[in-house]
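Okay, structure first, notes after.
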Amino acid sequence: MRIDVVSLFPDFIAQCAAFGVVGRAGERGLLSLHGWNPRDHAEGNYRRVDDRPFGGGPGMVMLIDPLRACLRAVREADPAPARVVYMSPQGRPLDQAKVRELAACERLVLLCGRYEGVDERLLQAEVDEELSIGDYVLSGGELAAAVVVDAVARLQDGALNDAESAVQDSFEDGLLDCPHYTRPVDHELGPVPEVLMSGNHARIARWRRMQSLGRTWLRRPDLIDEATLPAADRALLEEWKASPEGVQALPDGRAGEPPEQAG
Ligand code: 9D3
């Protein structure tokens, strides 16, 4: 897969690609990442990439022409058709289903805004979709693009080690992860759950599934629909609610309802 990032700070993206899973995917030839600066396609001594908004108001708007020339160079760098995504607070919020969809593309172009945004006519002419990474304010699209690059890179075939296998991840099966423990068994902060030392792999798998269900129900009720859970999962969730952890999380009277979520 090839990803091109259009940004006024293309070095930022190169840094992101240098280490970790993304770096390894690059070394293994699974992903190539390229940064492009619209300023390199701006005219005149000042190489302007932005101007004041028509209608007034604060901030600056990115000009059509440097971005259009830059995107043209990006498209000409490789004949494969590219999916062009504008990273923007107005976009659809990214989720793992969208990450899987983007990871299957041969070519992805991520357009990062700075300032107040990009001239709407450029977006209408050149952009296939707008994506946000969540409801908080960033200073530009670069960190959001880095999030997409990371999430997409680790889904490339061969990018992960066995130990990092994506299949068991939170969100891949729609549930949060179970808790993890390592040595020492006895610590002043408390013991390790006995089941994990039992050596009984079926019991351990059942306990982990129960923990995942309980935590998801408690922390992210938006991710779980009890009505459509398989009967075995529903039974495990009821068992979790009746366990000390479940009872503690559910002060009297609220049984059956997860607590109100913050925000
Ligand atoms: C304070 C500026 N805002 C005026 C109402 C608008 C605004 C413009 C540009 C807010 C943020 C940004 C820069 N953000 C992004 O480019 C961005 C982003 C984000 O801020 N949050 C979540 N996802 C994304 S994707 C791109």
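The values are calculated or read from the model by the stated rules, or taken from the named source; none is laboratory data. Quick caveat: nothing in here was measured; it's all calculated off a predicted structure. Reconstructed Cβ throughout: ideal geometry from the backbone, glycine too, with neighbour counts over all protein chains shown. Heads up: the accessible areas ignore ligands, DNA and RNA and are worked out on the full protein's heavy atoms, side chains in. Shrake-Rupley method; radii C 1.70, N 1.55, O 1.52, S 1.80 Å.
What does the accessible area per residue of the range 2-153 come to in Å², with a 1.4 Å probe and no ligands, DNA or RNA counted? Working shown, then result.
Values: 8170 Å² over 152 residues.
Result: 54 Å² of accessible area for each residue.
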Report in % the part of the accessible area of the chain that belongs to carbon and sulfur, leaving out ligands and nucleic acids; probe 1.4 Å. 51 percent
Largest first, how would Tyr136, Tyr86 line up by accessible area (1.4 Å probe)? Tyr136, Tyr86
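Taking square-rooted eigenvalues a ≥ b ≥ c of the alpha carbon gyration tensor, is the range 1-87 rounded, prolate or oblate, where a/c under 1.5 means rounded and, failing that, a/b exceeding b/c means prolate? Walk me through the intermediate numbers first.
Working: a/c = 2.44, a/b = 1.93, b/c = 1.26.
Cα axes put the range 1-87 in the prolate bin.
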How long is the gain from Ala205 to Ala242 if the chain were fully straight, where each residue apart is worth 0.36 nm and the alpha carbon distance is subtracted? 11.4 nm
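So for the range 168-249, what percent of the C-alpha to C-alpha distances run longer than 20 Å? Provide the component values of the computation, followed by the final result.
Details: 1186 of 3321 pairs.
The proportion of pairs with Cα distances above 20 Å equals 36 percent.
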Run lengths n ≥ 4 of DSSP H only: what is the helix-derived mean residue ellipticity at 222 nm for the chain, with -39500 (n - 2.57) per run over all residues, to the nearest 500? -10500 deg cm²/dmol
Given a 1.4 Å probe, how much area per residue of the range 168-249 is accessible, in Å²? 65 Å²
Heavy atoms of the protein only, probe of 1.4 Å, neighbouring chains included. What is the accessible area of Met60 in Å², nearest 10? 50 Å²
Centre separation in Å (Cα based) which lies between the range 77-135 and the range 178-224: 38 Å
Label-point gap, in nm, between Arg72 and Asp95 - each point 7 angstrom along Cα→Cβ: 3.9 nm
Order of 108-119, 225-236, 33-44 by packing, highest average Cβ count within 10 Å first? 108-119, 33-44, 225-236
Using r as the Cβ-Cβ distance of Met60 and Asp150, and R0 as 25 Å, what FRET efficiency do you calculate, to the nearest 0.05? 0.30
Scattering profile of the range 2-153 at q = 0.10, 0.12, 0.21 Å⁻¹ [log10 I(q)/I(0), Debye over alpha-carbon scatterers]: -0.33, -0.48, -1.46
For the chain, what is Rg from Cα atoms divided by 2.2 N^0.38 Å, rounded to two decimals? 1.29
Cα lying deepest toward the dipole's positive end in the chain, options Met197, Ala125, Gln211, charges on Cβ: Ala125
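Report the FRET efficiency, 1/(1 + (r/R0)^6), for Glu116 and Arg2, where r is their Cβ-Cβ distance and R0 is 35 Å, rounded to 0.05.
Working: r = 30 Å, r/R0 = 0.85.
Using R0 = 35 Å, I get an efficiency of 0.75.
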Quick check for me: using +1 on Lys/Arg Cβ and -1 on Asp/Glu Cβ, what's the dipole size of the chain about its Cα centre, in debye to the nearest 20? 340 debye
